[in-house]
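Structure first, commentary second.
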Amino acid sequence: MRLPNLYAITDPIKYGENFEQTLRKVLQRGVKMVQLREKDKSGRDYYNLALRVKEITKEYSALLFINDRVDIALAVSADGVHLPANGLPPSVVKRIAPHLIVGYSAHSLEEAIYAQKEGADFITLSPIFKTSSHPEAEPLGLSYLKEVSSKVSIPVYALGGITWEKIKLCYKNGAYGVAGITLFL
């Protein structure tokens, strides 16, 4: 399966009160891969939102990934799960849910190599540039993106401070695709 190149990550604050309307706008821009990222919702609220988001992504023929929660990904028949660096190992998810596409948040070459060895299908590498969502994080930069992309064989999505003006730079430096929260808003 070929993964789409544009990967939107939702944020309850940035998507605002009209969450579903904002999501539709993102999908209308041609995004075909969405990660539902809800760190503060209860399991039931996350599940209910994921059911609604699944219907919307289906309308737009987009893939749905659930952040961290394999149980919710399975419960709503999502396409995949995106694991944080401190989450379950990708190999565990592949063992219990081999049909799920598994993404992994990498912040270093070591984490990228680990993700690949563990069976992740792709990684996000971040932050490439300075980002308002993690102002304390030191940007990895384009040369690091190039290095990581050359040392793993799975798709690498550049994440963090990506703007429309910087997308071509990411592709020129080995990114398979770009991911972002505010990029697609």
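Summary of computed values
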item	result
Partner lysines for Lys41 [C-alpha distance under 26 Å; skip if fewer than 8 residues away on the same chain]	Lys14, Lys25, Lys32, Lys54, Lys58, Lys94
Cβ-based exposure ranking for Leu51, Leu100, Leu125, Leu83, in which fewest neighbours within 10 Å come first	Leu51, Leu100, Leu83, Leu125
Packing-based order for 89-98, 70-79, 173-182, using average beta carbon neighbours within 10 Å, highest first	173-182, 70-79, 89-98
Under 15 Å, Cβ to Cβ, from Ser132 - net charge with Lys/Arg +1 and Asp/Glu -1	0
Table column - 3J(HN,Hα) (Hz), the stretch 123-131, Karplus curve with 6.51, -1.76, 1.60, x for Gly and Pro	10, 9, 10, 8, x, 6, 10, 4, 9
Estimated vicinal HN-Hα couplings, Hz - the stretch 10-16 in sequence order (Karplus 6.51, -1.76, 1.60; Gly, Pro = x)	7, 9, x, 6, 6, 7, x
Of all DSSP beta bridges in the chain, antiparallel share, percent nearest 5	0 percent
Contact order normalised by residue count of the chain, Cα under 8 Å, 6+ apart, percent	19 percent
Relative exposure of Glu110, Glu118, judged by other C-beta atoms within 10 Å (fewest first)	Glu110, Glu118
Intensity falloff of the stretch 64-136 expressed as log10 I(q)/I(0), Debye formula with alpha-carbon point scatterers, at q = 0.19, 0.20, 0.21 Å⁻¹	-0.72, -0.78, -0.84
Size-normalised alpha-carbon gyration radius of the chain, reference 2.2 N^0.38 Å	0.96
Least to most buried among Arg52, Arg37, Arg44 (fewest other Cβ within 10 Å first)	Arg44, Arg52, Arg37
Alpha-carbon centroids, the stretch 110-133 and the stretch 41-72: separation in whole Å	22 Å
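No value in this document is a laboratory result; all are computed from the given coordinates. The structure displayed is predicted, hence computed values, not measured ones. For neighbour counting, all protein chains shown are included, and Cβ atoms are generated from backbone atoms with ideal geometry for every residue, glycine included.
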